[in-house]
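The next block holds one structure in the form of structure tokens; read it before the comments.
The values are calculated or read from the model by the stated rules, or taken from the named source; none is laboratory data. Remember, predicted model here, so these are calculated numbers, not experimental data. Virtual Cβ from ideal backbone geometry, glycine too; neighbours counted across all protein chains shown.
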Amino acid sequence: MTDAPVIELSDVTFGYTATPVIEDVSLAVDAGEYVAVVGPNGSGKSTLMELVLGLLRPDAGTAELFGEAATAFDDGGRLGYVAQQASASKEMPITVREVVRMGRYPHVGFGRLSAADEAAVERALATVGMSAFANRRITELSGGQRQRAFIARALAGDADLLVLDEPTVGVDAESVDAFYDLLETLHDDGITVLLIEHDLHAVAEHVDRVVCLNREVYFDGPTSEFVESDALARTFGTAAVLGESA
Amino acid sequence: MTTAAGAVPSATVQSVLSQSSSPLDPVLAPFYWLLSLWSEFLFGVHEATGIELLQYAFMHRAILVGLCIGVMAPLIGTFLVHRQLALIGDALAHTAFAGVAIGLFLNAVLNLGVSPYLTAVIVAVVAALLIELISEATGAYNDVSMAIVLSTGFALGTVLISLNAGGLAVGINQYLFGNLSTVSAENAAILLVLFAVIVGTVALTRNQLLYVTFDETAAAVAGIDVNWYNRVMVMLTALVVVGAMQIMGVILVAAMLVVPVAGAAQVSRSFGESLLVSVVLAELAVTLGIAASYYGEATAGGVIVLVAVGIYVASVAVGKAQDRRRTDATPEVGSIDETEHSTSSD
């Protein structure tokens, strides 16, 4: 355990054009935290995530992962990433196990997976309850099952930071609950979770800390305070977003 | 049918070597030696079996080139098709044609005596890098830029050829449509070099190529230099295209990158299986196609592609039948806690 936060953004500004998408954003996430970033469409959530992962370089400010500049961070095994939908083509024949094995690639480089690597793959499959699906084509799975497989890929790599970009879009309600239960279990095991999420109900129910983003940070604090604060209205421009569930 | 069968083996090495007097000879010498071994082996097969087409040294080279194409084209094609980059093979083949024209032009003007396939390799690799750099700058591969590269290459080729029409028009068909009988020892040896480079590179970087093919963003997060591997992939594509051009021709070469892969995707469960099946299907198409074109006296490239398409149609049918047979009892998604504790104990 190092003292540096797992994620640390300091006064980060970034824009694809002259207009910044993210402006003066500071955010520190410590080991073991479970944090959700919420905001309306176009609020810069996904951009923030890409800055955190080092896929984008800030125009101003610094982005660090585990105390190193995010763009220079090269210990890929420590990062687990789950996208909204996998970018693979629908016809690609690839099994769940083959996808999960990718989690070990940062550890083996050009080499082959050892018996220990394969054991880590099987363990990760079991952790997310997908062992029975290991030889299924990934395209045959439901949305919820597929996202579990991607979590397993992160676990196989021994990730200690899990970054998820709206992982439950297109996933049926029952599977969404199971998915959040899984995240909670992993969080209990000590994995740091950063969740980019549009589903405010899920956030209110499951997450410890909320960051409300719309180009800049409007709120950053415990979920209980978030639900009662006026941050929602200021971020989303309406007070009715959580109205039904609050 | 057994014309000079006994005398041929000893003549093989000489006939292999006597065809070429290129500046590359010292470099290619070990590959000429391999070619002569291969040729002796096939003469042996001819003597034992009496298969007619095996009595000609040029067919030995054509078969070897075909077998190599049957491995390397689907090997690279699998990565391209699943990234929906099937068109890139076509674009590079047409720029390779410009490379051939430049080679013929230089040979005619400067009398260099270099195989036009070598200049084709250089031009195609440069074009491949250009396509990749454009895509990196614009953030996406787009069919417009590929169409522009394709047309530019072909236009440049035709202009160069027409400028020298007197001396160069002869033999252009062999590059456009491919030709079994014009695979020289030098070109076969160049192909063996390309084959070694391609198979070696894929064997070394298979993890990275698969990850980038499946999910570019996740691969980048995992610390893989995505742009670098994309460049490797397009350059390997350029090498495959030029290598396969000899018997497939510019116009049909891209089919070998795509059709066997598409067939394999229909019947395979896993990525590993699809790689293997695509190679098997491609080899089937190549061997059946070469034999059919020899006996039917038709253009090899065209026949091979027709056979490959036939195999693809059959694969679709088999794939559908497999799907129907699989009345899958969907397994239960395991519970999270129990499974974790039961497996993490070992």
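Looking at residue B:78, is it surrounded by fewer than 23 Cβ atoms within 10 Å (Cβ to Cβ), among the hydroxyl-bearing types (Ser, Thr, Tyr) and out of contact with any strand residue (DSSP E or B) (no Cβ under 6 Å at 6 or more places or on another chain)? So that I can check it myself, show each step before the final result.
Values: surrounded by fewer than 23 Cβ atoms within 10 Å (Cβ to Cβ): no; among the hydroxyl-bearing types (Ser, Thr, Tyr): yes; out of contact with any strand residue (DSSP E or B) (no Cβ under 6 Å at 6 or more places or on another chain): yes.
No: the conditions fail for residue B:78.
If a residue must be of a type in the set (Lys, Arg), more than 7 Å from chain B (Cβ to nearest Cβ) and either touching a Cys at 6+ places or on another chain (Cβ under 8 Å) or without any contact (Cβ under 8 Å) to a residue 40 or more places away in the chain (or both), how many such residues does region A:94-127 contain?
First, pick out the residues of region A:94-127 that are of a type in the set (Lys, Arg): A:97, A:101, A:104, A:112, A:123.
Now narrow it down to the ones that are more than 7 Å from chain B (Cβ to nearest Cβ): A:97, A:101, A:104, A:112.
Checking the rest, the ones that are also either touching a Cys at 6+ places or on another chain (Cβ under 8 Å) or without any contact (Cβ under 8 Å) to a residue 40 or more places away in the chain (or both) come to A:97, A:112.
Of the residues in region A:94-127, 2 are of a type in the set (Lys, Arg), more than 7 Å from chain B (Cβ to nearest Cβ) and either touching a Cys at 6+ places or on another chain (Cβ under 8 Å) or without any contact (Cβ under 8 Å) to a residue 40 or more places away in the chain (or both).
Each row is one residue, and each column tells you yes or no for (1) within 30 Å of residue B:205 (Cβ to Cβ); (2) more than 12 Å from chain B (Cβ to nearest Cβ); (3) in a loop (DSSP other than H, G, I, E, B).
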residue: A:10; (1), (2), (3): no, yes, no
residue: A:17; (1), (2), (3): no, yes, yes
residue: A:36; (1), (2), (3): no, yes, no
residue: A:42; (1), (2), (3): no, yes, yes
residue: A:47; (1), (2), (3): no, yes, no
residue: A:50; (1), (2), (3): yes, no, no
residue: A:57; (1), (2), (3): yes, yes, yes
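Could you please find all residues in region B:187-222 being aliphatic (A, V, I, L, M), within 12 Å of chain A (Cβ to nearest Cβ) and within 18 Å of the chain's Cα centre (by Cα)?
Taking region B:187-222 and keeping what is aliphatic (A, V, I, L, M), we get B:188-194, B:196-199, B:202-204, B:209-210, B:212, B:218-222.
Going one step further and asking which of them are within 12 Å of chain A (Cβ to nearest Cβ), we end up with B:202-204, B:209-210, B:212, B:218-222.
Scanning region B:187-222 gives B:202, B:203, B:209.
Which one of these does residue B:241 not meet: (1) at pLDDT 90 or above; (2) over 21 Å from residue B:307 (Cα atoms); (3) surrounded by 24 or more Cβ atoms within 10 Å (Cβ to Cβ)?
Result: residue B:241 fails condition (2) only.
For region A:187-202, what are the residues that are surrounded by 22 or more Cβ atoms within 10 Å (Cβ to Cβ) and modelled with pLDDT under 90?
Within region A:187-202, A:197 is the sole residue that qualifies.
Grab the helices (runs of 4 or more DSSP H) fully contained in region B:95-203, keeping just those with 1 or more residues being at pLDDT 85 or above, on the phi > 0 side of the Ramachandran plot and out of contact with any strand residue (DSSP E or B) (no Cβ under 6 Å at 6 or more places or on another chain). Quick ask: steps written out before the conclusion?
Values: elements: B:116-138, B:143-163, B:165-168, B:172-177.
It comes to none.
Check B:192, B:204, B:252 and return the single one that is under 30 Å from residue B:306 (Cβ atoms) and surrounded by fewer than 23 Cβ atoms within 10 Å (Cβ to Cβ).
Values: B:204 fails: under 30 Å from residue B:306 (Cβ atoms); B:252 fails: surrounded by fewer than 23 Cβ atoms within 10 Å (Cβ to Cβ).
Step by step, each of B:192, B:204, B:252 is checked, and only B:192 is under 30 Å from residue B:306 (Cβ atoms) and surrounded by fewer than 23 Cβ atoms within 10 Å (Cβ to Cβ).
Given the options B:242, B:250, name the one that is closer than 26 Å to residue B:181 by Cα, touching a residue at least 60 places away in the same chain (Cβ under 8 Å) and not in a helix (DSSP H, G or I).
Working: B:242 fails: not in a helix (DSSP H, G or I).
Matching residue, one of B:242, B:250: B:250.
Go through region B:45-63 residue by residue and tally those that are under 18 Å from residue B:193 (Cβ atoms) and surrounded by fewer than 22 Cβ atoms within 10 Å (Cβ to Cβ).
0
What residue, among those in region B:274-322 that are more than 17 Å from the chain's Cα centre (by Cα), among the polar types (S, T, N, Q) and buried (at least 16 other Cβ atoms within 10 Å of the Cβ), is modelled with the highest pLDDT?
Residue satisfying both the conditions and the ranking: B:315.
Quick one: count up the residues across region A:137-162 that are surrounded by 21 or more Cβ atoms within 10 Å (Cβ to Cβ) and of a type outside the set (Val, Ile, Thr).
We begin by selecting, within region A:137-162, every residue surrounded by 21 or more Cβ atoms within 10 Å (Cβ to Cβ); these are A:138, A:144-157, A:159, A:161-162.
After this cut, where a residue has to be of a type outside the set (Val, Ile, Thr) as well, the list is A:144-150, A:152-157, A:159, A:161-162.
Qualifying residue count for the region: 16.
Every residue in region A:163-186 that is within 14 Å of another protein chain (Cβ to nearest Cβ), surrounded by fewer than 16 Cβ atoms within 10 Å (Cβ to Cβ) and in a loop (DSSP other than H, G, I, E, B), please.
Residue satisfying the conditions is A:172 alone.
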